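Quick note: the coordinates plus some simple rules give every number you see, no bench work behind them. Because the structure is predicted, anything quoted here is derived from the model rather than measured. Backbone-built Cβ (ideal geometry, glycine too); neighbour counts: all protein chains shown.
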Amino acid sequence: MVNDPNFRPWHDPNTKPLIDIQNVTKKFGDFTAINNLSLKIYPKEFFAILGPSGCGKTTLMRMLGGFDAPTKGSILLEGQDLTGTSPAQRPVNMMFQSYALFPHLSVGDNIAFGLKREKMPKADIKIRVQEMLELVQLTELEKRKPHQLSGGQRQRVALARALAKRPKLLLLDEPLGALDKKLREATQFELMGIQEQLGCTFVIVTHDQEEAMTVSSRIAVMNQGEIAQVAPPETIYEAPTSRYVADFIGDVNIIEGRVSTTKENAVFLEWHENEVPLSALSDQTPATGSTAWLSVRPEKIQIYKEPPQTNNAVAGKVLDIAYLGNVSTYHVELSNGQVIKAQETNAGRSANRGIDWDQSVWVGWSTDAGIVLSQ
């Protein structure tokens, strides 16, 4: 489960995936939406598919749900090929962004709709509907119609209806996009709690990186129909494998340079004439003289009035200051004209650190604060 630190089935070669996507390609005419994609999703995961508009994430979701068929490749559920299996015949359900509730039906009847179509006995339907209402905390609203509900309540009705048939896999297509920020954040934790309580596998498609980071056990970051990286949220954030992933997830500073030397797992980059090389960690050893990029998050960079005693110390000038309440972000121009961001937590009530616009400052960070990327 998401909150269980020992839940890492992808590290166990003996664990069989619930979903096994094997070399799937999806074309629409001459356009390739998904390009030779392979992916394994394990039982009880809350898996996020993340990417910008047009990257292929919704197409992948629709193929999992059976609404589109792969042009090439296979999608297996518990080892069974789903090719040719209609959406109604799959142990998979989908919650759409629009919720798609029936306006003429009550909350209870919306939840019961799929069960009635499967001809479940009435007594069993009643029990299941009550279970779902309790799960999403809407018991007192069973008789209301969708137009009498708030956006958050309609979202929970749609979730209850999708879960009522007890699918092995629940697909969520931008499920929180219509909610305001505070309600969306609260609902994220509700979803996590429901998923852990049921032990169902959730796959969420979203362009909201904070949402993906919050709810998921792993994230697949997509780019132009391919997967750029699959890893738990903390790995995606702290150890991206490319500039694309580093730049897509959160805020980041990326400094281009030339590899001068390497020492153990540290790499030194020459980034501007007459400046001391910058150092950062690297899982690989790039060739001396090759181009590489240093990636460092703003919250890992400190700002100083005097030269700091740290591995990486660079002089610059403050161009802008953004006060965001809990943090202040400083935009600092370096000697090569590049602007980087340094972020400081406003721990006290006063955010004034004596640093102002156009002031000469230093920014500094440790070697282990950044990572060197070769692509």
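Helical content of the chain, expressed as a calculated mean residue ellipticity at 222 nm, amounts to -7000 deg cm²/dmol (DSSP H runs of 4 or more residues, -39,500 (n - 2.57) each, divided by residue number, nearest 500).
The trypsin sites (Lys or Arg not before Pro) found in segment 147-237 that occupy coil by DSSP, while having at most 15 further C-beta atoms within 10 Å, are Lys168. If only the Cβ of Lys and Arg carry +1 and only the Cβ of Asp and Glu carry -1, the dipole of the chain around its Cα centre is close to 1840 debye.
Since only Val157, Val205, Ile236 are under comparison, the one whose Cα sits farthest along the positive direction of the charge dipole of segment 9-244, derived from C-beta charges on Lys, Arg, Asp and Glu, is Val157. For segment 9-244, the relative contact order comes to 28 percent (Cα pairs under 8 Å, sequence separation of at least 6).
Backbone phi angles across segment 189-196, fed through the Karplus curve with coefficients 6.51, -1.76 and 1.60 (θ = phi - 60°), yield HN-Hα couplings of 6, 5, 4, 4, x, 5, 4, 5 Hz in residue order; Gly and Pro are listed as x. For the pair segment 238-254 and segment 194-237, the centres of their Cα atoms are 16 angstrom apart. Straight-line reach from Lys341: taking Cα to Cα under 18 Å and skipping same-chain neighbours fewer than 8 places apart, the lysines in range are Lys300, Lys305, Lys317. Most tightly packed first, judged by the mean number of other beta-carbon atoms within 10 Å of their residues, the peptides 319-326, 90-97, 337-344 read 90-97, 337-344, 319-326. For segment 227-324, the list of trypsin sites (Lys or Arg not before Pro) that fall in a loop by DSSP and count at most 14 other C-beta atoms within 10 angstrom reads Lys305. Put in order of Cβ neighbour count within 10 Å, fewest first, the listed residues Cys200, Cys55 become Cys200, Cys55.
Can you give me the C-alpha center-to-center distance between segment 97-128 and segment 38-75, rounded to a whole angstrom? Taking the Cα centre of each part, segment 97-128 and segment 38-75 sit 27 Å apart.
Scalar couplings 3J(HN,Hα) for segment 179-187, obtained by applying the Karplus form with A = 6.51, B = -1.76, C = 1.60 to θ = phi - 60°, are 8, 6, 4, 5, 5, 4, 5, 5, 5 Hz; x denotes Gly and Pro.
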